[in-house]
Amino acid sequence: MRQVILIPDLEDGGYTVEVPSLPGCISEGDTVEEALVNIRDAIRGYIELLEEDGLPVPSEHEHAVLVAAV
């Protein structure tokens, strides 16, 4: 399981989703549920490509993320 960041699009609606432990792994969706389904697919594809290229798959904790409300 990977941590993700959901970013609401306040102008157009919907959500962008980023995976901090997989740089460049980004998806989106019109609802939270759709965004989460889409990012799961993106994560699978990202990891498959890394493995096909013989590259290491970053662990969840290689990229620490601090989330705070200010």
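The values are calculated or read from the model by the stated rules, or taken from the named source; none is laboratory data. Nothing here was measured: the structure is a model prediction, and the numbers come from that model. Because the Cβ atoms are built from the backbone with ideal geometry, glycine has one as well, and the counts that use them run over all protein chains shown.
Data table
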{"quantity": "Counted residues, the stretch 16-40 - those being more than 20 Å from residue 50 (Cα to Cα) and among the small types (Gly, Ala, Ser)", "calculated": "2"}
{"quantity": "Positions within the stretch 18-70 being modelled with pLDDT of 95 or more and in contact with a His (Cβ under 7 Å, 6 or more places away or on another chain), in sequence order", "calculated": "none"}
{"quantity": "Qualifying residues in the stretch 24-57 (those that are under 17 Å from residue 5 (Cα atoms) and over 11 Å from the mean Cα position of the chain (by Cα)) - the one surrounded by the most Cβ atoms within 10 Å (Cβ to Cβ)", "calculated": "29"}
